[in-house]
1. Principal axes first, then extents: for the Cα atoms of the stretch 202-266, list largest minus smallest coordinate on each axis, whole Å, largest first.
2. Report the Cα-based extents of the stretch 115-231 along its three principal axes, largest first, to the nearest Å.
3. Rounded to a whole number, what is D in µm²/s for the stretch 165-247 from Stokes-Einstein with the Kirkwood radius over alpha-carbon pairs (10 °C, 1.306 mPa s)?
4. In terms of solvent-accessible area of protein heavy atoms at a 1.4 angstrom probe, what is the ranking of F131, F37, highest value first?
5. List the aspartates and glutamates whose Cα lies under 15 Å from the Cα of K101, skipping any in the same chain that are fewer than 8 positions away.
6. State the dimensionless ratio Rg/Rh of the stretch 48-107 (Rg: radius of gyration of Cα atoms; Rh: Kirkwood radius).
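The values are calculated or read from the model by the stated rules, or taken from the named source; none is laboratory data. It should be emphasised that the depicted structure is a prediction, and the values quoted were computed from it without experimental measurement. SASA here: full protein model, heavy atoms, side chains in, ligands and nucleic acids out. Shrake-Rupley method; radii C 1.70, N 1.55, O 1.52, S 1.80 Å.
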Amino acid sequence: MHSMPDKSHDNQFSAPISVARVQRLFTHPLQCESSQFLRREISGRMFERLSLIKIRPERVLDAGCGEGDDLMVLAQAFPEAGLLGVDISPNMLLTAQDRGKQSYSLMSKLLSRWKLNAFQRSAASLACAEFSELPLATASVNMLWSNLALHWHPQPHKVIREWARVMRVDGLLMFSAFGPDTFLQLKEAYASLGIRPPVLPFVDLHDYGDMLVEAGFADPVMDMEKLNITYSSVDKLLSDVSAFGGNPLLERPNGLTGRHRWNALRNALEQQKGSDEQISLSLEVIYGHAFLPRPKKTRAGESIIQFKDRKI
């Protein structure tokens, strides 16, 4: 009899997030435009970490590619690699496709003007899918990149297992996600009104590390930093929070509704302003990267023993 891996702890990582609502929240890319500054900032910090790692991947997957900005940077970092972008929003992928074509056309024109060789790189392939069911064969990518996307899935542990499935041996996973101390001011404002905050139940750094190990990744490197964005306008703060994605939770908060709740929330946030009439929005950003070693056990829990031909 073969022992099965223990999945009894899975439920503790499951969150009441509706994947369908996540998809609807990202239906209109322009609504997310004002939050792009943060995604670009975190992307830059991820690339700083990536620059310390020596890797030449043949195929790179951007999981949660959104409008495709990271795909263009990955194309510059790994010009010989095949690129694939996956996102749950078809409209985001259309935007990524348009931007990819514009970038390709611009580069070709510049090379032609400088009388250099024609631009040989093909555009990234794009696919609409959710994280836990990637349309990829097992062991098909050398590197998986995901920027501020993992926290949108209700079962991140299943996502990380799926990421491990599609990665080749010695492949690199690099991701970022929001942590529990994100949007503290918003949580405090809702709590003061006796309303459950409509904020995602962000996963702790150590839990992500445990998920990586459980999925088969070796020696994950996890770190975290806290950022503060300062606003003079409460309305602008709320607008940016909405642009970060909005509320995909299955349960809607009870209590005040409509305009009354909105005005009460605004007043509660106004009271958090300091003497300089500024209010901060806190963000906890988690970074993780790990390599996938050769597995020692099958998914059914069977030990894998390798036999090599004896040399005579």
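1. 50, 30, 16
2. Result, largest extent first: 60, 44, 27 Å.
3. It diffuses with D of about 103 µm²/s by this estimate.
4. Listed by decreasing accessible area, they come as F37, F131.
5. List returned: E67, D69, D70.
6. 0.99
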